Structures are given as structure tokens and as C-alpha cells.
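Okay, so here's the structure we're looking at.
The values are calculated or read from the model by the stated rules, or taken from the named source; none is laboratory data. Because the structure is a prediction, the values reported are computed rather than measured. Heads up, the Cβs are rebuilt from the backbone with ideal geometry, glycines too, and the neighbour counts pull from every protein chain shown. Note: accessible area is taken over every heavy atom of the protein model, side chains too, but ligands, DNA and RNA are not part of it. Shrake-Rupley method; radii C 1.70, N 1.55, O 1.52, S 1.80 Å.
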Amino acid sequence: MRGRPEELKNISGERFELCVIGGGATGAACALEAQLRGVRTVLIEAGDFAGATSSAATKIIHGGVRYLEEAIKGADLQEYHVLVRALHERVRMLENAPHLTRKLEFLVPSYHWIDVAYLDVGLKIYDWLAGPGRISPSKYLSHDETRKRMPELNPEGLVGSVAYADGQFDDARYNITLVQTFTEAGGNALNHAKVTDFLRDASGKLRGAAVTDQLTDNTFSVNANVIVNATGPIADSIRQLATPSAHKRMRPSKVAHVLLPLDSFPTDDALLIPKTEDGRVLFAVPWCGRLLVGTTDEEVTAETELVVTKQDVEYLLRHLNPYLARPAKPHDIVSGFAGARPLVGSDDGGDTKKLARDDVIELDPLSGLISIMGGKWTTHRAMAEDTIDRVEGSLGRPRTESWTRNHLLFGGRDFTDDCWKKLTRRHPISDDTALHLVSKFGTAAEDVLTLSTEDRSLADPIVGGYPAIRAEVIYGVRREMAASIEDVLARRIGLQLYSWHMAIDAAPTVGRLLARELTWSTSVTEAAINGYVGKIRHLLHAAGLFPERSVTGATEESRRSQEV
Ligand SMILES: Cc1cc2nc3c(=O)[nH]c(=O)nc-3n(C[C@H](O)[C@H](O)[C@H](O)COP(=O)(O)OP(=O)(O)OC[C@H]3O[C@@H](n4cnc5c(N)ncnc54)[C@H](O)[C@@H]3O)c2cc1C
């Protein structure tokens, strides 16, 4: 990615064949798909890339076992189609970004023999539907085998478990890497830039967008022959900006997760809790040294604040704790996040958990706007392929082949599981930092470390107790368009998920590095640091985790800067 000021010049007032609105998973995938097919594309994102739903996922690459039951019991062909497509896309997602993904086994514990039999049959069907896309066969594990893999699982009455395989990924990094790969292919992308209006030709067809730079309030235009709306849960706002009479189609539901220390439930495998009181499944997944627990699912309005609430915490722990030998308490929670699932509404007004997870592509005949709505992370590439087929139709081009099916993403080339060792041989860094860097940047980690050979202070940690180094902040600005403390801590390096308290500690250091690097911007000031800290405190408060613990583990530097 180029730096923001340079990219702004490349985009402002320029002509493109395609303008994609929304830099989440769907928009980034559409932009990459189009650019690789030779369609000159610009991607415009109002906040940060992955700043909305696409960094709030459970981070599972899956067909969706929960949809399997519905597909079979309801003899539902649409659910079956969604499932099979996702099962096949799993493999592509794993292969195209080996540095950001891994295979993951899920254990479904059973406390009755009848459940074991039911699950075993169901998961064999899951394997069978995956066909050549099967990751590894599901299998029964005895009581002892299950306890060996999950020593803190409640043993009382445990019969055994059924294990099956899906995948896991780093959603925020995957999203940013899609944008990186798109710009490497010659595309142009800008974050913190909001589409506020459209440019039209005499017949009313969209021919470009008016964009407001959210960091400066300057407005500029982008000309494009076709516009794709990939704005996720708020797709209706763009649909209605194009055609005010368009009826609403999105039915967003709020989904929340919390993170616990992994030593409360040490495991390499994921736990699937098969039935909550409202008939859903719940996951507890090892994630970057934490246990990620989710989800709640509640239909919301556009006004609902997307934060983890005290009620979300109570719901998640109420369902998790019966499965733990040592129940977790609210104050064990280290962080959390909530997002809006972009479901496309059905007409029967049913529960959000019953709405289709499939995507819908709509071509507005009046404005020519193409909207891609719904779907899930696992199928982002296939959704983009279908969307760009439609774009080529609108451009009056013959349909061309997709190049993204087997296209290695940025940082994935020459990646091997032990490439972190090379970094420790070449640079004076710990094993933990090397592992962290390759898990975020793949083979591009070398470029991050090059910055620290030019300025040794950049090899220092951002905050004690977390392996990220200061060079990542500089790299984030220069190569990944990071422009705020949250861009860095939440999405570039993942510290905000690891610990809200440590994110508070890290804010002054990150703020100062950003202020030094963002010479063109006045947005990262002491007020910005305080603003970020205030936001995290608000998250703690909403989740009922206030008053704060004493700021333990704060670095000397962050303590000093807090005193200033
Ligand atoms: C809690 C949760 C857990 C999930 N877990 C999984 C999972 O484990 N596996 C899986 O496969 N799927 C999962 N999903 C689904 C998946 O995360 C979403 O389907 C996917 O991230 C949607 O991406 P998107 O790009 O469509 O939307 P978003 O990520 O919301 O992106 C839309 C973007 O459009 C931008 N935008 C809006 N208006 C404008 C404008 N006017 N100008 C410019 N930009 C604009 C927004 O800022 C936003 O960044 C989960 C969803 C949720 C909510």
C-alpha cells in the first residue's frame, strides 16, 4: 500500500472503471477480484479497513455446522447450497494466506451416548459434503482422550466428544492483506474517506462518488463507470443514497464475544457448545494466547451501540461455565468486541438466527448501483467472484476468468511454518516477537524488521508483556495506511483484543510514534490519546468491568506519560 497523502493524490478527481464502497472483507475481495481481472478499480473506506464487522468475527473458516442441522432437518436446499459453497471456500482461504490461517479441530463434548451418536453421524455428513475440500475426518474421542486435549473441561458425566476440523484466521489482518494484495496488483485504496453522495449522468446512472476525507474534512470526487456497494450491515444507506425509494433489505443482528486468559482453559482445540438456551451454538476458541468466547445474537437497529454489555457477559459465561471445571468470573475477562452481522432480511419477520447467511447481489435498474449484501467471511472470495461477473456485465465486457481462486495473498509467498526462525537468526528479537511478526505479516515481517535496523529503538516492545514492537507502528503508517491509535492497536497488531488494560498502557507510546510519522496530519495529539483511553474505559464500563483493576504491567514509559 502507498502512503495516504500519495494515494489521495492518485484518487482525487481521477477516472476508474470501478469504484468499490466499503473496505471490509467483501469490498476488499471485490476490489482484488476486479483488479486482477484487469478492471481499473478504486476502493473507498469510510473508517479503517476491517474497522467494522470484518474484524468482529469469531475468526472461524467454516461451512457452518449449525447450518447443517437446518439444511438436513428442513430439507432446505438454500442452506445446503450455502454450506457446500463455504466448505469448498474454506480450503481456498487456508491456502491463499497460510500465514494468517490454520486448521483447527473443534471438540463437541457429550454428556449422553445418544448425543455422541447424533453428532457423529451429523459430522460425517459434514465431511462428506466437503468432498475433496475435507480438512481432516471427524472422529469420536473417548472421555480420557477428550480430557487430555481439554484438561479443564468439566469431567462430571462426560461420555466423550466428537472432533471435526474447520479453520481459523486473523480476520483484521486477512482484510488488510486483501487490500495490500489489491494495491500490489495496481489498485488504489483509501481509508478514512466516506462516500457522501453520487455523481450521475443525464439518465440518472451513477458515474462517480463524492467523498469526504474524514481526517481533514476535505471533499473530492472519484469518477467511475460502475459502483459496487459493499458496506455490509449498513448497505441500505448507500442503496437509498442511490435511489431514495429503495426499500430496506438489511436486518442487522448484534453479535458479541469476550476474551479470557487461555490458562483458564488451556487447549489447542476449539470447544463447541452445541445448544444454548435460545437454540444456537457457542464457541470457545484459543486465539492469540486468549480464549475467545462467542456469540450472543440479537436483532438490533442502526442506533444500537455495538459494545459488549453486562448482559452479554452474563449470557456468555452462563453458557460456558457448565463446561468448565473451574467456572470463569466476569472479572477474568480481558477484552471483548461486538459487531453487526449483515443479514439480508427474509419476508417472514423471523428470528435473526433463522435468516439466510447467504449473500444477495442486487443491480438497481435506476441508478446502476450493484449491491453485494449478506454472506460471511468464509465465502468473501466467492461473493466477490459473483459480484465482479455482474460488474463486467455492466461495463459491457465479456465475462473473464477469476484469478483469486489460487492467488497467494501478500506475505504468503515462500511462507513456511518455521520461517520465524530465520528472523531470530537475522535480528536480535525474541522467539515470541518473531512468531508474532510472521503471524501478522508472513514473509513481509522482514520489511518490518528492516525499519528496526535503521532505528534500533523501533525493536523495543510497544508495551511490556506483549510481543509487538514499535517498528510495527511505523510500518502500519507507511505501508498499511494506519492513521489512528485504534487502527494500530485494534487491527494492525491485535493488542486491543489481547487486553483492554494493556491497550490503555500502550496508547501513549503508539500516539507519540504516530504523531512523529504522520507529519501531514494533526489528528494524533494528546487529546487523541486521551480519546482512545476514554473509549476503552467506556468498553470496560459497558461490559460491567468497572472500576478498573489497578494498571498492572504498565511500562515505566506509559506510566510517566500518564503523569504528564
Ligand atoms: C460477531 C460476528 C462473528 C462472525 N463470525 C464469522 C466467522 O467466524 N466466520 C465467518 O465466515 N463469518 C463470520 N461472520 C460474518 C462476517 O464477519 C461478515 O459477513 C463479514 O465480515 C462482512 O463483511 P462486509 O465487508 O460485508 O462488512 P463490513 O466489515 O461491515 O464492511 C463494510 C464497510 O463499509 C464501510 N462503509 C459504510 N458506509 C460507507 C460509506 N458511505 N463510504 C465508504 N465506506 C463505507 C464501513 O466503514 C465498513 O468498513 C461474523 C459476523 C459477526 C458480526
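Being away from the ligand (no atom under 13 Å from the Cβ) and either polar (S, T, N, Q) or farther than 12 Å from CYS19 by Cβ (or both) is a property that ALA224 lacks.
For region 475-490, the set of residues classified as open to solvent by 20 Å² or more (accessible area, probe 1.4 Å) and charged (D, E, K, R) consists of ARG478, ARG479, GLU486, listed by residue number.
For every residue, the table says whether it meets (1) modelled with pLDDT under 95; (2) under 30 Å from ARG149 (Cα atoms); (3) in contact with a Ser or Thr (Cβ under 6 Å, 6 or more places away or on another chain); (4) within 13 Å of the ligand (Cβ to nearest atom).
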| site | (1), (2), (3), (4) |
| --- | --- |
| SER55 | no, yes, no, yes |
| LYS59 | no, yes, no, yes |
| GLY63 | yes, yes, no, yes |
| GLU69 | yes, yes, no, no |
| GLY74 | yes, no, no, no |
| LEU77 | yes, no, no, no |
| TYR80 | yes, no, no, no |
| VAL84 | yes, yes, no, no |
| LEU104 | no, yes, no, yes |
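Could you say whether any residue in region 292-303 is open to solvent by 10 Å² or more (accessible area, probe 1.4 Å), touching a Leu at 6+ places or on another chain (Cβ under 8 Å) and among the charged types (D, E, K, R)? No, there is no match, as no residue in region 292-303 is open to solvent by 10 Å² or more (accessible area, probe 1.4 Å), touching a Leu at 6+ places or on another chain (Cβ under 8 Å) and among the charged types (D, E, K, R). The number of residues in region 190-221 being within 11 Å of the ligand (Cβ to nearest atom), part of a strand (DSSP E or B) and open to solvent by less than 50 Å² (accessible area, probe 1.4 Å) comes to 8.
Just one of the numbered conditions (1) touching an Asp or Glu at 6+ places or on another chain (Cβ under 8 Å); (2) at pLDDT 95 or above; (3) not basic (Lys, Arg) is not true of ALA356: (2). Taken over region 234-249, residues that are farther than 20 Å from LEU199 by Cβ, open to solvent by 20 Å² or more (accessible area, probe 1.4 Å) and within 13 Å of the ligand (Cβ to nearest atom) amount to 1.
Evaluation of GLY47 against the conditions (1) in a loop (DSSP other than H, G, I, E, B); (2) without any contact (Cβ under 8 Å) to a residue 24 or more places away in the chain shows that the sole unmet condition is (2). Within region 128-151, residues that are closer than 17 Å to HIS62 by Cα and touching a residue at least 60 places away in the same chain (Cβ under 8 Å) sit with their Cβ atoms under 9 Å from residues that are open to solvent by 80 Å² or more (accessible area, probe 1.4 Å) and part of a helix (DSSP H, G or I), at 6+ positions apart or across chains, in these pairs: LEU129/TYR80.
Kindly establish whether GLU472 is crowded, with 20+ Cβ neighbours inside 10 Å, free of Cβ contacts under 8 Å to residues at least 40 places away in the same chain and under 21 Å from the mean Cα position of the chain (by Cα).
Against the criterion (crowded, with 20+ Cβ neighbours inside 10 Å, free of Cβ contacts under 8 Å to residues at least 40 places away in the same chain and under 21 Å from the mean Cα position of the chain (by Cα)), GLU472 qualifies.
Among the numbered criteria (1) closer than 25 Å to GLY187 by Cα; (2) crowded, with 24+ Cβ neighbours inside 10 Å; (3) of a type outside the set (A, V, I, L, M), which single criterion is violated by GLY511? If we test GLY511 against (1) closer than 25 Å to GLY187 by Cα; (2) crowded, with 24+ Cβ neighbours inside 10 Å; (3) of a type outside the set (A, V, I, L, M), just (1) comes out false. Of all the numbered requirements in (1) free of Cβ contacts under 8 Å to residues at least 24 places away in the same chain; (2) among the polar types (S, T, N, Q); (3) surrounded by 20 or more Cβ atoms within 10 Å (Cβ to Cβ), THR416 misses one, and that requirement is (3). Determine if region 312-322 includes at least one residue that is surrounded by fewer than 23 Cβ atoms within 10 Å (Cβ to Cβ), closer than 26 Å to ILE361 by Cβ and within 15 Å of the ligand (Cβ to nearest atom). No - not one qualifying residue is present in region 312-322. Counting only helices (runs of 4 or more DSSP H) wholly contained in region 367-458, the ones carrying 3 or more residues that are within 16 Å of the ligand (Cβ to nearest atom), among the hydrophobic types (A, V, I, L, M, F, W, C) and touching a helix residue (DSSP H, G or I) at 6+ places or on another chain (Cβ under 7 Å) occupy 380-395.
PRO330 meets all of the listed conditions (1) open to solvent by less than 10 Å² (accessible area, probe 1.4 Å); (2) at pLDDT 95 or above; (3) more than 20 Å from the chain's Cα centre (by Cα); (4) farther than 30 Å from ASP197 by Cβ but one, namely (1). Taking (1) within 23 Å of the chain's Cα centre (by Cα); (2) surrounded by 24 or more Cβ atoms within 10 Å (Cβ to Cβ) in turn, ASP505 satisfies each apart from (1). Go through region 1-12 and give me each residue that's modelled with pLDDT of 95 or more and in contact with a strand residue (DSSP E or B) (Cβ under 9 Å, 6 or more places away or on another chain). GLU7, LEU8, ASN10, ILE11, SER12, listed by residue number. Just one of (1) more than 18 Å from HIS257 (Cβ to Cβ); (2) open to solvent by 10 Å² or more (accessible area, probe 1.4 Å); (3) at pLDDT 95 or above fails for LEU539. It is (1).
Hey, can you tell me all the residues within region 24-44 that are assigned to a helix (DSSP H, G or I) and of a type in the set (A, V, I, L, M, F, W, C)? Spell out the reasoning first.
At the first step, the residues of region 24-44 found to be assigned to a helix (DSSP H, G or I) are 25-36.
Within region 24-44, ALA25, ALA28, ALA29, CYS30, ALA31, LEU32, ALA34, LEU36 meet the criteria.
Given the residues THR276, THR243, THR177, THR181, which is the only one that is closer than 20 Å to ILE11 by Cβ and among the polar types (S, T, N, Q)? Spell out how you get there, then give the answer.
Values: THR276 fails: closer than 20 Å to ILE11 by Cβ; THR243 fails: closer than 20 Å to ILE11 by Cβ; THR177 fails: closer than 20 Å to ILE11 by Cβ.
From the options THR276, THR243, THR177, THR181, the qualifying one is THR181.
Look at (1) part of a helix (DSSP H, G or I); (2) buried (at least 24 other Cβ atoms within 10 Å of the Cβ) and you find that LEU8 fails only one, number (2). Restricting attention to region 20-36, the residues that are open to solvent by less than 20 Å² (accessible area, probe 1.4 Å) and more than 10 Å from the ligand (Cβ to nearest atom) total 4.
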